[in-house]
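Okay, structure first, notes after.
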2 protein chains.
Amino acid sequence: MSSTLAQPDAGDQPGDRSWDGGIPEATVARLPVYLRALYALAERGVTTVASDELATAAGVNSAKLRKDLSHLGSYGIRGVGYDVDYLVYQVSRALGLTQSWPVVIVGAGNLGRALANYGGFASRGFRIAALLDSDPALVGRKIGRLVVSHADELEAVVASQNVAIGAIATPAASAQAVCDRLVAAGVTSILNFAPLVLTVPDGVDVRKVDLSIELQILAFHAQRRSAARVGQLAGPAVAEA
Amino acid sequence: MSSTLAQPDAGDQPGDRSWDGGIPEATVARLPVYLRALYALAERGVTTVASDELATAAGVNSAKLRKDLSHLGSYGIRGVGYDVDYLVYQVSRALGLTQSWPVVIVGAGNLGRALANYGGFASRGFRIAALLDSDPALVGRKIGRLVVSHADELEAVVASQNVAIGAIATPAASAQAVCDRLVAAGVTSILNFAPLVLTVPDGVDVRKVDLSIELQILAFHAQRRSAARVGQLAGPAVAEA
DNA sequence: CGTCGTTTGTGAACGGATGCACAAAGTCGC
DNA sequence: GCGACTTTGTGCATCCGTTCACAAACGACG
């Protein structure tokens, strides 16, 4: 019940967005990768980069990279390449990272703590507004620079800090309830780590990260590979009558 | 408008080995979702399910579900639906989950521990062969039912237990080195949690799970929403061009 | 100032995925 | 046994994303 790819009907609602940003979803998903590659280049002192190098660093094809960047505007210099700092700025801007987004993390188990300690989190564009848990044994405990607050404070935190993004790192059993509370409190973007499909009203965006799904996809390919290595087709169900 | 986001993600690396066995990649990515929904139905005692219900439970459109399942074979009964247990078996089989895959987890920080404790891990189709770390303070520590082993044992573990899948939950700085060692030891499927693009030879399958990328994608949509709510184009760079 | 080499930005072809709509195939009631 | 009803499986049109290939744009250099 959760997924990695598409969720309910990512299709075409008739009441379409007047202006959907103009940036294709697939491009948006790659911009953060480019941004990270650009940061790495900047830290190495590189000031200018060609689409070819940047594409290699980001693990994509150069034509794709250029087309992606062209959706933000025309920020390259022909015959030269892109100015690293300028491109960092433009990509950050397109992604909405010029402001710092407060994020509330619900669930202070291993996953929640991993999130809270995650370096690239607070550093670039995000700030942890609160780390919540309902377990009294965890409340009050220090995680990095944070103190775990009680889950009851969810609504107060969201309201007072104007939180728009929530991360759900609770067990599956409580995830939907947490999600409902986040939505009711006004959160419109949710990152779900719990292994289930969340139900949300229109206008709320959910992305999920599902470890077991990724593993299963890997298993599929591993199986495919090992069957091929054996030499025979190893007749999966597909071949049967 | 759509309430949830599509999450496009297929192959990171252009050198994508997989000869798909007739099953489209997009379908493979959804099969685990169906499988989870089926397990949930089975536990509730449901023996038969129509594509419509299963699709709803999995958060997809019923036509897509039927087309996906049709790639595995013709396992439905017209006028009735699908037998839950039988479909569980067929999907598991297609994904290669009829065997138990040994997985080695490198990195016993919060993320590695979260993985090790993750319930749906060992339960269905996967078994943690080892949890490795190079930090002496962690080696020997008990995590759930496991004991953290030293990273030096990577090659031995992979060889002795025939590990085909590795999960990298180390800091970014050591991820590529760990990856190289995994590949050299014979691992051909890698799940990468470190925030960098791994370089691997052809024939190795890498999937990435990147928390900050997901957050940044959410930020993009949150920004778009808030800009739209303010009124009109809040003058992002997108509008020019 | 003009030519040359380099790199961007993009038009166009292509391929894969999605959703609709419907015929085929089955069950159920009588 | 038969007709009505339900649900699957799929052909088809459409949309989105990827890739190719090339003209336009730019710096370098004499």
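With a cut-off of 12 Å on the backbone N, no residue of segment B:197-212 is near the modelled label site 7 Å out from A:ASP52 along Cα-Cβ. On the basis of the beta-carbon distance and an R0 of 41 Å, B:THR199 and A:ARG145 show a calculated FRET efficiency of 0.75. Placing unit charges on each Cβ (+1 for Lys and Arg, -1 for Asp and Glu) gives chain B a dipole about its Cα centre, and among B:SER189, B:THR98, B:ALA164 the Cα reaching farthest toward its positive end belongs to B:THR98. Taking a ≥ b ≥ c as the square roots of the eigenvalues of the Cα gyration tensor of the protein assembly as shown, is the shape rounded (a/c under 1.5), prolate (a/b larger than b/c) or oblate? Here the protein assembly as shown falls in the rounded category.
Comparing A:GLY166, A:GLY73, A:GLY140 in a Gaussian network model of chain A (Cα springs below 10 Å), the most mobile by mean-square fluctuation is A:GLY73. Of the beta bridges in chain B, as assigned by DSSP with both residues counted there, near 20 percent are antiparallel.
For segment A:82-187, applying the loop criterion from DSSP together with a ceiling of 10 other beta carbons within 10 Å to the trypsin sites (Lys or Arg not before Pro) yields A:ARG145.
Taking every full run of DSSP H in chain B, the ones that stretch at least 18 Å from end to end by Cα along their long axis and average 0.5 or higher on the Kyte-Doolittle scale are B:25-43, B:172-185. Report summary: the helix-based calculation at 222 nm, which adds -39500 (n - 2.57) for every DSSP H run with n ≥ 4 and divides by the residues of the protein assembly as shown, gives -13000 deg cm²/dmol.
Computed from point charges on the beta carbon alone (+1 for Lys and Arg, -1 for Asp and Glu), the dipole magnitude for the protein assembly as shown about its Cα centre is near 340 Debye. Remark: the Cα gyration tensor places chain B in the oblate category, a/c being 1.5 or greater and a/b not exceeding b/c.
Simple spin-label estimate for A:GLN99 and B:ALA156 gives 5.5 nm between the two label positions (7 Å along the Cα-to-Cβ direction from each Cα).
Each residue, B:VAL230 and A:ALA177, gets one label point 7 Å from its Cα in the Cβ direction; the gap between the two is 3.9 nm. Using the Stokes-Einstein relation with a Kirkwood hydrodynamic radius computed over Cα pairs, the translational diffusion coefficient of segment A:101-213 at 4 °C and a viscosity of 1.567 mPa s comes to 94 µm²/s. When the Cα positions of A:VAL88, B:GLY125, A:GLY119 are compared along the charge dipole of the protein assembly as shown, A:GLY119 comes out farthest toward the positive end, with charges on each C-beta of Lys, Arg, Asp and Glu. Quick note on segment A:25-95: its Rg to Rh ratio, both from C-alpha atoms and Rh being the Kirkwood radius, is 0.90.
Please build a GNM for chain B, connecting alpha carbons under 10 Å apart, and tell me which residue among B:SER160, B:SER134, B:SER92 fluctuates the most. Evaluated over chain B, the most mobile residue of the options is B:SER160. For the chain pair B and A, the interface hides roughly 8500 square angstrom of accessible area in total, found with a 1.4 Å probe.
Considering only A:VAL84, A:VAL183, A:VAL46, the Gaussian network model of chain A with Cα springs below 10 Å gives its largest mean-square fluctuation to A:VAL46.
The values are calculated or read from the model by the stated rules, or taken from the named source; none is laboratory data. Here the structure is a predicted model, which is why all the values come from computation and not from measurement. So basically every Cβ, Gly included, is an ideal-geometry build from the backbone, and we count neighbours across all protein chains shown. Please note that ligands, DNA and RNA were not included when accessible areas were found on the heavy atoms of the full protein model with its side chains. Shrake-Rupley method; radii C 1.70, N 1.55, O 1.52, S 1.80 Å.
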